[in-house]
Every structure is written in structure tokens, then in C-alpha cells.
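Worksheet: one structure, shown below.
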Amino acid sequence: MKKQLLAAALTIISINLFSQISFTNGTDLLASSGLYGTHPISVADINGDGYDDLVVLDNYKIFFQDPEGGEFTELDLNYDGASSAWGICTGDINNDGYSDVLYGGYFDGLNIVSHSQFIDLYFKTNHGEDDFMVFLQGVNFADLDNDGNLDIFACHDVGPSRIYIGDGLGGFTMNTSIIDTHLNGGGENDAGNYGSLFTDINNDGLIDLYIAKCRQGVSDPTDPRRINILFINNGDGTFSEVAEDWNLDIGEQSWSADFGDIDNDGDMDMLLGNHTGEFVQVYINNGDETFTDITTDAGLSSSFDYHVIQSKFADFDNDGYLDIIIAGSSHIMFAKNNGDNTFEIVEESNVFSTTNSFALGDLNHDGYTDFYSTPGGYGAWGSSGTDSLYLNNGGENNFITFDLEGTISNRDGIGARVIIYGSFGQQMREIRSGESYGIQNTLSAHFGIGLASTIDSAFVHWPSGVIDQLLSTEANQFITVIEGAFPVGINNDLNLDFGISVYPNPASDHINIVFENTTDKQIDLQILNQLGKEVYNESSIRTSMEVELSRFEAGIYIFNFWVNSELVESQKITIK
């Protein structure tokens, strides 16, 4: 019914991209016409109603999505200077349930627009002191010290990037110790920081940082100002730079990068957008702390003949595999993931011919990923024209979307990872604030699951270390997960007539398992690591078991117990 109402309200321009995908131009749903945004765009739920909204830096306008599927409600804050910003990100900096927005540009400070619980009360803070004056490119909210409060990472174009630690009340203090952003002797070598994002690249439960670097006018691909950098989180409040070891020290004047699991094997692969060499590159994660360039084998070599501004993974057709969207130099390209590490290039459409930047989210709340498009830019890659909203018409494939609400972790769950399992195998998503080149995509974890009608289980791994588990969940739902509301523990719905005890916890040498009143039952023990991967299994009809722990690395594990293919109990165990 919602789609029928939308269709009646829109000027229908269907753009068939590939099987099961078409978009409708939904710009008429925006109260404004003739929007002229620049490349930083935010898609996020600003007012806390569970629906993605839009922030467009055409002097700062917010478009609140109508839960009934009608026109967006516009709020024009008319901030002078907002239209000159280069980067934007969104997050709840004071944990009050309403998303706040950070933006900035060419030495005009870090501008924070905080949105209180009263939707008509807004205020702007311009941190204009020397410590807050940066030539901002990419920007992120992330909890770098894991205290439950969001911090700021600001890519500085002409010097070392900056970190600002949040106090949970909206205040920030510059910090120079967590990540040493002075590289190769410092000075001008620190410059060229463009697109930044945080991802758990080595599956250790800690967020790492990748920066796409570019320094225009520098022709030497070995110049540090144009070599991408990777900081691994050491888990002790420090980060180490390891891009060369991981084969990710690319010097192709990169403007943007994205990480996603394109082959659903449980680790993050990389998409890169460049201004030299191959404009689009895909790197597969080998699982051994190295990456391999598969661009040619993936069918993406020379697929985009223009300088890339934005690059992003997203499952547009809900088939369970991440597709690609690329924009730059007034052009846009889609590539469908075939499910075998190859992609089908989709020819550009004239309708999208003036797209330089975009942001992604579910902008009509129907379970399919939409996008907001702008031709706005700077210098030679800027373009005339107005912004557009494109709504995904959907198809027969199902979805499930998780919205997170942190209690110990930051309110938006930024830095959390969601992993689902089902007949489709496994998939995972991360919650990020700030991606690609200075844009903000939805803070929801969206999954396409093909024709599957349920998911067997979902694990939410919070920055705090808390793990929530949902079982046997029906498709086509938007589910809010409050941290700790679905703890790994006993499945009380099964009315068990026996007990299982697991001790000690934490453990270092061995785990004891005692079964009570189970002499006639075969119980299967399955152990998953904190990413949901099975690392051990054993069957028993004994009254007790002992599991030696020398084979396990330190960390958090899930002990699942199955009887007759029913998951009867789960326990979270810490191994030292």
C-alpha cells in the first residue's frame, strides 16, 4: 500500500539498472525544489523516530521523513557557510536519543549542530579556537577510548589529522596520543588526508582506521602525501600504522574507500576510488592480514573512466550480496555483485549524468536502499544542476534491518557489528559515522536475504563487548535492538527439564561443563568466536565435559548447546 501511495505522489521516472532493481525519481517528495547541495550529505535518523532523514548543506536543511510515506517535512536552519563544507558525519554526542551533526570545510572550524529532545530547539557551536581549525576533508564520530562517548576524527588536508575526545555532554578536547598521525618524518608528509572510515579489519573486535590520501599536483606515487594509510587498533589505547604490511599502501590519489564483506566469508574487503591508475579498485581480504587486488578478475578494470569522488558497497537488490555504487566527475556507475567475486557493470543513465556525490539509506522505509544525489562539488569536478532523491522500487527479495540503541556503548551503536545467519549463509554489517569522501550513510544495519523468509540468528557485537543474540526472526522487519536486551543466555521459551552449567568464567586453562538430567540426550556443543564464526564443536551424551583452552586465543566466545537441532542454551564465556 505504501508503494502505491508513493507512486501516486511522484513523477514516475523509472531507471532500470539491472535485474530486480529500478529507481523512481522521488525529488517531488522534498518540500524544496532546486536544492544545490555540496558533496557532504547525511542520511540518518535525526529526530529518533526510526526513519532515515536527510541533512543537505544548502545552508543546512533537514528533511524529516514522513512515517506515512508522504512528503518530507523541511526545516531550513539557514547557516551561513554550511554550503562550503567538505565533510559531514552524524551521531548522538550526548546520548540523549537525538542525532547531532558535525560538518566543516576550509579552516572554518568544526561546526556541531546539536538536536535536543525538543524538535524545534537547535543550536550551532563553532569551535573556532586554533585547536579546532582544520582544513577538513573526511570526518568521523567513533568511540576511540571506548568510554561510551563519541569522539571526533578529523582528516586534515594540509597537516596531521586531528582527534578530539568527547565528554558525553557535547564537549571535545584535542588528543595527540591515541593515533600518531605524523608520518615519515612529519611536516608536509602528513598532508593529503581525504576519506576516512573506521572498520574492524582484522576481526579482533576493535575498530581500526583507514585513510584514503590524495595530494593534487604530486605526480610521484611513492610520495607519502598520496599513499593510503591503515591504523590497527592495539587494544591498549594506541594504534599502529601497517598499510604496507597489509598491501593497502596504495598511491593512486585515492579520494574514498569503503569496506564490506563482498563474498560473505566473514571478513571485510575493500573498495577504492582513485584519481589516477585504475579509478575503481577492489581488494579481497585474504584472512591472513593481507589483501589482494582482484579488480581485473572482478570485471571492474577500466569500468569507470572518470575521477572517483564517492565509492560505496550496498545491497541494492536485496539478494544478500553487496553491490557497488561509484560517483565522480558528474557521472555515476552501478555494479551488481554476482556472488562469485565478479561484478556486472551497469551502463550509466543520462538521468544520473550530473551526479558527483550521494548518500545512502532507506528513505521511504520499505526495506530497500535508496540514495540522495547531488552534482555539487568544487573546482574542475563541480557541476551545475540540482539535487535529486531516487527511491528504490524494490522487488521480490526480502530484508531485515536493525536499528541499535546503546546503553553502555554510545547511543547510536557506532562501532558495533551485526552478523546474521540463515539459509543464505552469513552476512555482516558495521555501524559507521562518516564514510567514503566526507558523507554520512544510514546508521541502520540493513540486510537483503533473497527469498529467505526468516533468519536463524543474529548477533550484535557492541563496542562495550556486550553481545546480543536474536533467534528465529521473521524477514521484512525493522527491529530495534537495545544493548543487553537480548543477551546471550538460556532460551527460556523451550521449558527445559534439564540444566547446563559452564564454569569458570572467565577461564584460562579449561572449561568445565556439567549436564543435569541429560543422560538420555545427545547434546552438541558449538563454540563461536566474537564474530559468530564456529571455531569448535563436539557431541556428548555424558554428564560432563571438559574443554581445553590452549587452542583458543584470548577473547569472548559463545558456547551454544543444541539438542535435536534445537538451540537450547547459549552462554558468553571470556577466555583469558
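Quick rundown of the values:
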{"item": "Where labels lie 7 Å past Cα in the beta-carbon direction, separation of Asp265 and Ser423 in nm", "result": "2.6"}
{"item": "As computed over segment 248-294, the Cα convex hull volume per residue (Å³)", "result": "63"}
{"item": "Extension gain from Glu188 to Gln522, taking 0.36 nm per residue of separation minus the Cα-Cα distance", "result": "113.7 nm"}
{"item": "Length released on extending from Glu553 to Asn78, taking residue separation times 0.36 nm less the Cα-Cα span", "result": "165.7 nm"}
{"item": "Cα gyration tensor shape for segment 230-370, rounded if a/c is under 1.5, else prolate or oblate", "result": "prolate"}
{"item": "Å² per residue, accessible surface of segment 142-186 at 1.4 Å", "result": "38"}
{"item": "Probe 1.4 Å - accessible area at Trp86, Å² to nearest ten", "result": "50"}
{"item": "Sulfur and carbon atoms: percent of accessible area, segment 50-194 [1.4 Å]", "result": "47"}
{"item": "FRET efficiency for His510 and Thr473, using Cβ-Cβ distance with R0 set to 45 Å, rounded to 0.05", "result": "0.85"}
{"item": "Percent accessible area from carbon and sulfur atoms, segment 534-576, protein chains only, probe 1.4 Å", "result": "43"}
{"item": "Surface share of carbon and sulfur [accessible, 1.4 angstrom probe, percent] for segment 230-380", "result": "40"}
{"item": "Surface accessible to a 1.4 Å probe, per residue, for the residues of segment 271-370, Å²", "result": "30"}
{"item": "Cα-based convex hull volume of segment 25-156 per residue, rounded to whole Å³", "result": "112"}
{"item": "Cα radius of gyration and Dmax for segment 400-468 (Å)", "result": "12.7, 36"}
{"item": "Label-point separation, Thr480 to Asp340 (7 Å along Cα→Cβ), nm", "result": "4.4"}
{"item": "Pairwise label distance in nanometres, Glu534 with Glu129, each label 7 Å out on the Cα-Cβ vector", "result": "5.5"}
{"item": "Whole-angstrom Cα spans of segment 224-275 along principal axes, big to small", "result": "35, 31, 16"}
{"item": "Square roots of 5 times each gyration tensor eigenvalue, C-alpha, the chain, largest first, Å", "result": "38, 27, 24"}
{"item": "Kirkwood-type radius of segment 142-265, with distances r between different C-alpha atoms, in Å", "result": "15.0"}
{"item": "Farthest positive-ward along the chain dipole, Cα basis, beta-carbon charges - from Gly166, Asn193, Thr543", "result": "Asn193"}
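The values are calculated or read from the model by the stated rules, or taken from the named source; none is laboratory data. Predicted, not measured: the structure shown is a model, and the values here were computed from it. As a convention, Cβ positions derive from the backbone with ideal geometry for all residues, glycine included, and neighbour counts pool all protein chains shown. Just so you know, the surface numbers come from the protein's heavy atoms only, side chains and all, with ligands and any DNA or RNA stripped out. Shrake-Rupley method; radii C 1.70, N 1.55, O 1.52, S 1.80 Å.
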